[in-house]
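Before any comments, here is the structure.
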Amino acid sequence: MHWNPTSGGGGFWALTRYRDVAAAYNDHGNLSSARGAMLGGSLRSEVDTASGRMLVASDLPRHRLLRQTLHRAFAPTVMSRMRTQVGILVDRAVNDMLAQGGCDFAADIALELPRGALMAIMDIDREQAGHLIALTRRMIGYRDPHFGADPAESVDDQRLRLGAIQAEIFGFFLDLIEERRDSAGTDLIGMLLTAEVNGRPFSEEDLIYNCMNVAVGGNETSSYTACSGMLELARNPRHLALLAGRPQLTDSAVDEMVRWASVNAYVQRVALRELEIGGKTIRAGDIVTLWNASANYDEDFFPDARVFDVTRSPNRHLSYGFGLHRCIGAAFAQVELGVMLERLVATGLRFEVAGPVRRLWSNFILGITALPIAVSGEAVRTGA
């Protein structure tokens with residue numbers, strides 16, 4: 001437990017131990033999600049404007065109702081469609097990498113995972129999915145020079161640019177909503193257009209916020225986890241050898257990649273009343289942050305936590321959250337990453353890091369935005 005002071009006399013608590021983070025995820029009576037998952041709030045408000053409307057920014061009972069509604073967009077039929085689409089895109093991208101002898105894994109392969117998922121979930125084409133991914137990347141990386149940020153910008157200028165990017169995303173979804181308003185599609189948007197919560201249809205704003213929730217969550221987790229996993233596979237081909245000889249390890253390898261990457265570094269909560277955690281008194285109104293990126297390396301739960309181990313079991317990481325606040329698209333991310341991993345192992349080849357690795361400028365999302373990879377041409381020896 002640590003209190004982090006911020007400018008202006010404010011601050012926030014950081015929960016860093018596994019037990020505390022897991023318990024906080026389940027403490028719905030004392031810790032609220034309604035302020036938003038990320039420190040800083042919205043453009044002109046410390047409270048997220050999607051409060052109480054977007055799944056990740058809502059509390060019980062509305063959270064449960066929203067979750068039940070959105071869950072329909074992740075049905076087995078959609079999962080099957082997504083698996084097929086991701087497989088097609090990843091196969092094509094890996095074949096291109098093999099033909100060229102390498103690629104920027106972050107741009108050329110990892111992004112095909114959320115692209116395929118968005119095509120299946122939202123019934124959009126490859127170009128539309130790529131455009132949406134580019135927008136959400138700019139939104140999450142709004143302080144990153146790689147996505148157009150100027151290090152000399154003031155905080156107000158950064159927030160204004162962020163607002164402009166969000167407006168583009170809203171426009172993207174508004175166009176889709178208008179196109180499908182009179183059709184009863186089985187995609188996410190069609191489903192939300194006909195859904196009701198407490199007997200009331202979704203407002204236009206609720207539609208947009210929850211579409212954004214799915215798009216951002218699906219984009220960031222799988223693609224950035226794929227990059228972190230590939231980096232470890234390239235650094236130590238022993239992992240590829242183990243997977244080639246024991247394909248049944250694919251699921252545990254995916255779990256280890258997700259733990260290792262801990263893409264969603266933290267989530268924010270606000271104390272509804274005074275309580276005690278870890279011997280510290282938290283006052284009503286205090287901000288409490290749950291650091292997945294620390295809990296996932298807690299030696300009490302993950303022996304040799306600083307070792308990447310594709311055989312690790314059990315592996316109850318918190319990268320997808322916990323309990324009621326477990327990521328609604330977790331199963332999709334697992335499948336996406338599994339498809340990619342199986343395709344890489346099937347090449348039978350080793351890979352090498354071929355240039356500087358560039359990381360996202362963010363303390364909320366931990367990601368890699370450039371990962372040059374070369375195909376070594378050397379075969380992986382099973383059991384090596």
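The values are calculated or read from the model by the stated rules, or taken from the named source; none is laboratory data. Fair warning: this is a prediction, and the values are worked out from it, not measured in the lab. Note that we place each Cβ from the backbone using ideal geometry, even for glycine, and neighbour counts take in every protein chain shown. These area figures cover heavy atoms from the full protein model, side chains too; ligands, DNA and RNA do not enter into them. Shrake-Rupley method; radii C 1.70, N 1.55, O 1.52, S 1.80 Å.
The figures follow:
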| read-out | value |
| --- | --- |
| Inter-centroid distance (Cα atoms) of the stretch 198-214 relative to the stretch 282-302, Å | 30 |
| For the stretch 51-64, 3J(HN,Hα) per residue [Karplus equation, 6.51 cos²θ - 1.76 cosθ + 1.60, θ = phi - 60°, Hz, x = Gly/Pro] | 3, x, 10, 8, 3, 6, 10, 9, 10, 5, x, 4, 4, 5 |
| HN-Hα J in Hz across the stretch 266-277 - Karplus 6.51, -1.76, 1.60, θ = phi - 60°, x for Gly and Pro | 8, 10, 9, 9, 10, 5, 7, 7, 5, 8, 10, 9 |
| Amide hydrogen neighbours beyond the local backbone of GLY11, cut-off 5 Å, H modeled | THR6 |
| Trypsin sites (Lys or Arg not before Pro) within the stretch 170-267, DSSP loop, no more than 15 other Cβ atoms inside 10 Å | ARG181 |
| Distance in nm between pseudo-label sites at ARG326 and ALA167 (7 Å out along the Cβ direction from Cα) | 4.1 |
| Heavy-atom surface of the stretch 235-297, accessible at 1.4 Å and reported per residue (Å²) | 39 |
| Calculated FRET efficiency for the pair ALA379/THR6, C-beta based, R₀ 51 Å, to 0.05 | 0.45 |
| Residues with amide H under 5 Å from that of ARG350, placed H, sequence gap 5 or more | SER376, GLY377, GLU378, VAL380 |
| Within-13-Å neighbourhood charge of GLY338 [Cβ basis; K, R +1; D, E -1] | -3 |
| Å² of accessible area per residue within the stretch 55-122, as computed with a 1.4 Å probe and no ligands counted | 41 |
| Protein accessible area in the chain, 1.4 Å probe - carbon and sulfur % | 49 |
| Local net charge near LEU233, Cβ-Cβ under 14 Å (Lys/Arg +1, Asp/Glu -1) | -2 |
| Solvent exposure, largest accessible area first (probe 1.4 Å, DNA, RNA and ligands not counted), of ILE124, ILE88 | ILE88, ILE124 |
| Projected label distance in nm at ARG358 and ASP156, using a 7 Å step from Cα toward the beta-carbon | 3.0 |
| Over the chain, relative contact order from alpha-carbon pairs under 8 Å, at least 6 apart, % | 25 |
| Formal net charge of residues neighbouring ASN198 (Cβ-Cβ distance under 15 Å; K, R +1; D, E -1) | +2 |
| For THR369, distant residues with modelled amide H under 5 Å away | ARG358, ARG359, LEU360 |
| Computed [θ] at 222 nm, deg cm²/dmol, the chain (DSSP H ≥ 4; -39,500 (n - 2.57); rounded to nearest 500) | -15000 deg cm²/dmol |
| Rounded accessible area of TRP260 (nearest 10 Å², 1.4 Å probe) | 50 |
| Residue-by-residue Karplus 3J(HN,Hα) for the stretch 158-171, coefficients 6.51, -1.76, 1.60, Hz, glycine and proline x | 4, 5, 5, 5, 4, x, 5, 5, 4, 4, 4, 5, 4, x |
| Average projection area in nm² (convex hull over Cα atoms of the stretch 1-88, one quarter of hull surface) | 8.8 |
| Rough spin-label spacing in nm, given labels placed 7 Å along Cα→Cβ, for ASP125 and ARG316 | 4.7 |
